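The values are calculated or read from the model by the stated rules, or taken from the named source; none is laboratory data. The model shown is predicted, which means the values in this text are computed figures rather than measured ones. So basically every Cβ, Gly included, is an ideal-geometry build from the backbone, and we count neighbours across all protein chains shown.
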């Protein structure tokens, strides 16, 4: 509250509704003891206390830096002994300016939690938490009109910290998670079975890594968020053994991905594979195969021959999957595209016409399940000199998976670290796939297509490929799986065998 003198000027007539008198129109002038107001405060809400009766109003004009004119939104209380007069002759020294406005700032993070609209951190109050009344999302009054506090009232709280915690995000789970530049907080009632209210709301800091201003995702009962500065993804989840929240680095084996870039958007595709899609400031797209319960974590980069400007996930109830939509810019062309499992070409279309975006370029085509490379686009169309049933054409970019031989413990209590290693063979489990190449030490081995008659069409199949590999030894040998054609390839698992040279 602010000590001030408030002068009321009643205008208009009085009306009687049962036993209550109220004003048709009330014009007030609010006078502060010190210079407080500016023209930017016009339109700001004001809450005034008349003998513990709360009255809301809106500032309509500036009289001076100590006085503003206010229109009351609520009936003004009357003197209990003389209903013709305003309580205390229309004077009070208690009022509170609205928390949000053009001069005071607006919340930096919003979400819904347990049937309340919650907000955190304005420019003037960076460490303040606000919650609306239960089921009344536009009501942030901390008390009833008579100043009593109930469990349904709005909440205003400040969480003490050794540093100002500028809000990055709010996200709902079993508890409310608040991401700030100095760490992630848990906001919850004293007992999780209760609802938050003005008496039991508490904030607990759970990590000190800090969060970037990127919308997080709630996955596997945990929060996936971007660490401050946008170089890493982290997962925050509750560890029952330690009875505390743990924050893990999801880039611990892939720190190089965003060294010269910054993550600015993430979204989660739960079906069919459980992927976290990541868009960067430079317009690159990455996926993270993620399952904490299944202990799966794998990064991949996806090239589209352009810059990815935005991504989002929508449900596809017809196919029983989630669709990833992208806005991609290639040169002056901006397209809205959807990634599907059945299409192996980027920015693709069906039929022989409608390819003006690729005018004069060489593209790939899949015609009746056969792959054709270097099909030229002329006048927005491609020419097919034979009869066909279906055709899909678009862009294709080579795929690559690189495997590094791990450092392993030896029987003499040493490790393979610092020793030369030679990769000897690989076992690759694939599902519904066709051919691919294995490259090691400058040698290429073709893998995949099984023998079939000339009258048969090759269909994707599932198997285990055993591949013998020859080459020289190296301290850090790398073997790569290359995918050079738009055909199905689903790698489920790999096993690498290698020899260690004695030192």
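Okay, here's what the table says:
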{"item": "Residue satisfying all of: in region 332-374; without any contact (Cβ under 8 Å) to a residue 12 or more places away in the chain and closer than 27 Å to residue 281 by Cβ; surrounded by the fewest Cβ atoms within 10 Å (Cβ to Cβ) among these", "result": "332"}
{"item": "Residue among 301, 279 that alone is in the same structural domain as residue 233 (by TED's automatic domain parsing), modelled with pLDDT of 95 or more and in a strand (DSSP E or B)", "result": "279"}
{"item": "Extreme residue, modelled with the lowest pLDDT, among residues of region 130-141 that are crowded, with 18+ Cβ neighbours inside 10 Å and within 19 Å of residue 95 (Cα to Cα)", "result": "140"}
{"item": "Members of region 158-177 found to be buried (at least 16 other Cβ atoms within 10 Å of the Cβ) and part of a strand (DSSP E or B), listed by number", "result": "167, 168, 169, 170, 171, 176, 177"}
{"item": "Wholly enclosed strands (runs of 3 or more DSSP E) of region 1-100 bearing at least 2 residues crowded, with 18+ Cβ neighbours inside 10 Å and modelled with pLDDT under 65", "result": "4-17, 20-32"}
{"item": "Condition met for residue 288 (surrounded by 17 or more Cβ atoms within 10 Å (Cβ to Cβ) and within 22 Å of residue 396 (Cβ to Cβ))", "result": "no"}
{"item": "Enumeration of residues in region 101-129 that are at pLDDT 90 or above and either touching a helix residue (DSSP H, G or I) at 6+ places or on another chain (Cβ under 9 Å) or not in a loop (DSSP other than H, G, I, E, B) (or both)", "result": "109, 110, 111, 112, 113, 116, 117, 118, 119, 120, 128, 129"}
